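Student: Handing you this structure, nothing more for now.
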Amino acid sequence: MAMSFGSTLKELFRDYRFAVAFILLCLLITLAVMSFFAPHDPTLWYTAPRDLPPSRQHILGTTSRGQDVFWQAAFAIRNSLIISAIAGIVSRVIAVAVGLVAGYQGGKSDRILMFITDGFLVIPLFLIIVMLAMLIRDKMNIFTTGLLLAVFGWAWDARVIRAQVLSLREREFTRTAILSGSRTLELVSKEYMPYITPLAFSTLINNMSWAIGMEMTLSIVGLTNMDIPTLGTMLKWALNYQAILMRRWNWVLTPVMLSVFLFIALYWMSVSISEYLDPRTRVQRVGVE
Amino acid sequence: MFIKNYLIPRLLQYFLVIFLGITIVFFIPRLAPTNPVERTIAEIRSRGTYLDPRFVQDMVDALTEMYGLSGSWLDQYKDFWVRLSKGDFGVSFFQFPTPVITLIKRALPWTVGLLFTTTVFSWVFGNIVGGMAGYAYNRRWSKALDLLVMLIRPIPYYVFALGLLILFGYVYRKFPIAGGATIGATPSFTLSYILDVLRHSALPAMSLAILGAASWFQTSKLIVQNVNAEDFVQYAQLGGVREGRIIFRYVIRNAMLPQITNLALSLGQILSGALITEIVFSYPGVGHLLYSAISTGDYNLIMGIISLSIVAITTLVLIVDLIYPLFDPRIRYK
């Protein structure tokens with residue numbers, strides 16, 4: 001914890017996976033930001049000629065709905081990132097709260113919370129999400145999709161955080177803090193948070209990637225709002241218009257490749273950060289080099 | 001002692017989880033703002049069918065009865081359990097009037113055949129290769145394999161399956177792109193029919209096996225790297241035990257233990273996993289059935305499939321927990 005932010009970053013960049021992931025993510029975020037300068041509303045049809053191959057005017061061509069593929073992709077990345085950020089952040093709040101209370105309080109509240117958490121781990125979550133999405137299909141938008149995924153995405157990480165709190169509780173400084181009269185809230189926010197924040201962050205990346213994949217899956221099944229361009233709905237429209245059969249690769253492969261880059265970037269970043277956080281694998285990595 | 005301290009609490013937990021899971025499945029549709037009966041009628045109307053107002057009330061009554069929505073919630077809830085215990089999930093709506101259970105029974109062999117085989121295969125394959133790569137973690141082939149897996153692993157299943165379908169179904173037309181067998185072929189135990197089924201399962205099986213094996217590879221490699229550092233492995237190395245024997249009898253055997261629990265969990269997820277596979281490759285299993293149920297709003301069918309998969313998962317996990325001591329002689333339930 002003593003290391004400064006700058007040296008942490010420098011250490012992380014020595015891992016090629018982190019460097020590649022960082023650059024990829026920067027590019028994708030730039031693309032998402034560019035959507036704010038788009039010439040057309042992405043939900044409108046026929047703002048361009050239909051089914052054009054890539055050209056100077058439309059660098060990725062146009063869709064059968066008369067939309068520019070490049071600008072659709074910019075909006076899709078932006079909305080997918082927003083959905084996953086909502087899902088990730090809200091579920092982190094739940095996971096940290098559950099993990100802290102269960103781990104610190106122990107006893108009955110621990111048992112009840114862990115029973116609920118295990119329940120979430122054992123039931124076929126995906127099917128339950130599908131069922132809920134079906135019921136609120138008319139009200140699905142960026143926020144409800146994000147919240148729906150948040151409600152189901154915290155259980156595993158709550159367990160991880162609880163395990164960390166359990167080990168912190170047994171350490172010397174907890175007893176020192178309690179004996180010197182610090183209140184629970186103060187103890188948790190001052191002493192525990194520095195240990196829990198990195199965990200919350202590294203699980204956040206994984207969770208965001210899960211949420212993006214989940215959104216794509218729900219879109220393919222037809223359970224999200226098809227008017228909002230996301231990676232999932234963009235792909236679904238391409239499939240609906242038989243873009244594979246018609247070999248309109250510029251249309252189908254854009255969301256496919258973008259999502260592959262996004263997933264690889266998020267995954268490599270999370271692996272790199274969690275290896276950095278876990279000294280055991282760090283020793284092994286340094287030993288290899 | 002085993003029975004009192006371990007078996008009974010474990011069984012209690014088992015029944016409690018099933019009870020809660022199925023209760024959730026019961027309540028979700030009832031808490032929703034729209035009710036399935038209204039929804040069904042709206043859907044029939046939106047298809048352009050004219051409904052005579054006199055018959056609408058009759059339809060509402062009939063649908064309410066069929067969905068098990070008559071009476072108070074408590075009555076419905078009791079009725080739901082009574083029907084469930086008989087394996088009766090009501091009749092399907094999109095293939096009216098076939099009972100849900102018949103539809104599931106018809107689709108289940110396809111799903112189990114495809115997903116069970118690939119899950120077990122990728123578990124064995126991924127663990128062995130991952131174990132060897134973890135043991136020789138600083139060899140070149142191990143690092144190359146690691147990079148390959150790092151590229152494949154994060155791709156969500158749907159995108160990966162679609163990629164394979166485009167590549168081998170459309171660009172190089174190597175395999176059939178849809179179905180479980182050639183349309184019109186009569187199921188029989190002849191060589192040609194079996195080959196036909198295998199050819200149709202090639203792409204879905206490949207997509208499941210590659211991604212599955214990649215994920216098992218990683219976990220197994222990680223566990224093995226930790227086992228490597230244990231004293232008994234180093235002792236065996238110093239004592240000149242053959243490398244193959246160390247890998248399989250010392251390292252992988254120990255690393256397998258946590259993977260057995262994971263295998264049970266992933267076998268339990270078969271029914272959810274089937275959904276996407278079977279949509280992409282139009283495979284005639286439970287996942288495809290669920291998809292049709294979702295797109296037609298067939299609540300009885302959806303609830304039937306979800307309830308069954310809750311029972312399947314919890315039972316598998318229970319069985320694995322109970323037979324675990326067979327694999328790990330260190331565990332004794334005291």
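The values are calculated or read from the model by the stated rules, or taken from the named source; none is laboratory data. Note that the structure is predicted; figures quoted are calculated from it, not measured. Note that each Cβ is placed from the backbone with ideal geometry, even for glycine, and that neighbours are counted across all protein chains shown.
Student: Show the residue pairs meeting these rules: Cβ distance below 8 Å; 6+ apart or different chains; first residue within the stretch B:309-320 and within 10 Å of another protein chain (Cβ to nearest Cβ); second residue modelled with pLDDT under 80 and not in a helix (DSSP H, G or I).
Tutor: Going by the 8 Å Cβ cut-off, the qualifying pairs are B:SER309/A:PRO124; B:ILE310/A:ILE123; B:ILE310/A:PRO124; B:ILE313/A:ILE123; B:ILE313/A:PRO124; B:ILE313/B:GLN269.
Student: Can I ask one more? Can you list the helices (runs of 4 or more DSSP H) found entirely within the stretch B:129-234 that contain at least 1 residues being under 19 Å from B:THR111 (Cβ atoms) and under 22 Å from the mean Cα position of the chain (by Cα)?
Tutor: B:157-165, B:191-228
Student: Among the residues of the stretch B:278-298, which ones are more than 10 Å from chain A (Cβ to nearest Cβ), more than 12 Å from the chain's Cα centre (by Cα), assigned to a helix (DSSP H, G or I) and over 18 Å from B:VAL37 (Cβ atoms)?
Tutor: B:HIS288, B:LEU289, B:SER292
Student: Let me ask you something else. When the residues of the stretch A:44-84 are narrowed to those that are surrounded by fewer than 16 Cβ atoms within 10 Å (Cβ to Cβ) and among the aliphatic types (A, V, I, L, M), which ends up nearest to A:LEU149 (Cα to Cα)?
Tutor: A:LEU44
Student: Those residues that are surrounded by fewer than 17 Cβ atoms within 10 Å (Cβ to Cβ) and either more than 7 Å from chain A (Cβ to nearest Cβ) or in contact with a Lys or Arg (Cβ under 9 Å, 6 or more places away or on another chain) (or both), I need them from the stretch B:154-167; list them, please.
Tutor: Selection gives B:LEU167 alone.
Student: Output yes when any residue across the stretch B:237-247 is among the hydrophobic types (A, V, I, L, M, F, W, C), touching a Gly at 6+ places or on another chain (Cβ under 9 Å), over 30 Å from A:ILE129 (Cα atoms) and not in a loop (DSSP other than H, G, I, E, B), and no when none is.
Tutor: Within the stretch B:237-247, one or more residues are among the hydrophobic types (A, V, I, L, M, F, W, C), touching a Gly at 6+ places or on another chain (Cβ under 9 Å), over 30 Å from A:ILE129 (Cα atoms) and not in a loop (DSSP other than H, G, I, E, B).
Student: Working carefully through the options B:LEU265, B:LEU308, B:LEU271, B:LEU326, find the one that is in a helix (DSSP H, G or I), under 15 Å from the mean Cα position of the chain (by Cα), at pLDDT below 80 and over 24 Å from B:LEU164 (Cβ atoms).
Tutor: Testing whether each residue is in a helix (DSSP H, G or I), under 15 Å from the mean Cα position of the chain (by Cα), at pLDDT below 80 and over 24 Å from B:LEU164 (Cβ atoms) leaves just B:LEU265.
Student: Same structure, new question: Counting only residues that are touching a residue at least 60 places away in the same chain (Cβ under 8 Å) and in contact with a Lys or Arg (Cβ under 6 Å, 6 or more places away or on another chain), how many does the stretch A:64-103 have?
Tutor: 4
Student: Mind checking whether some residue in the stretch B:75-88 is among the polar types (S, T, N, Q) and under 30 Å from B:ILE319 (Cα atoms)?
Tutor: yes
Student: Hey, can you tell me all the residues within the stretch B:59-86 that are of a type in the set (Lys, Arg) and touching a Phe, Trp or Tyr at 6+ places or on another chain (Cβ under 9 Å)?
Tutor: Result: B:ARG83, single match.
Residues are listed down the side, and each one gets a yes or a no for (1) within 11 Å of another protein chain (Cβ to nearest Cβ); (2) surrounded by fewer than 21 Cβ atoms within 10 Å (Cβ to Cβ); (3) touching a helix residue (DSSP H, G or I) at 6+ places or on another chain (Cβ under 6 Å); (4) not acidic (Asp, Glu):
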residue	(1), (2), (3), (4)
A:MET208	no, no, yes, yes
A:ILE220	yes, no, yes, yes
A:THR224	no, no, yes, yes
A:THR230	no, no, yes, yes
A:MET234	no, no, yes, yes
A:TRP249	yes, yes, no, yes
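Student: Moving on to the next point. Please pick out the residue among B:LEU301, B:LEU275, B:LEU263 that is under 29 Å from B:GLY130 (Cβ atoms), within 14 Å of chain A (Cβ to nearest Cβ) and surrounded by 14 or more Cβ atoms within 10 Å (Cβ to Cβ).
Tutor: Working: B:LEU301 fails: under 29 Å from B:GLY130 (Cβ atoms); B:LEU263 fails: within 14 Å of chain A (Cβ to nearest Cβ).
Just a single option satisfies the conditions, and that option is B:LEU275.
Student: Out of A:ALA133, A:ALA158, A:ALA163, which single residue is buried (at least 18 other Cβ atoms within 10 Å of the Cβ), part of a helix (DSSP H, G or I), more than 14 Å from chain B (Cβ to nearest Cβ) and not charged (D, E, K, R)?
Tutor: On inspection, the qualifying residue turns out to be A:ALA158.
Student: Among the listed residues A:LEU262, A:LEU185, A:LEU245, identify the single one that is at pLDDT below 85, under 29 Å from A:HIS40 (Cα atoms) and not aromatic (Phe, Trp, Tyr).
Tutor: Among A:LEU262, A:LEU185, A:LEU245, only A:LEU245 is at pLDDT below 85, under 29 Å from A:HIS40 (Cα atoms) and not aromatic (Phe, Trp, Tyr).
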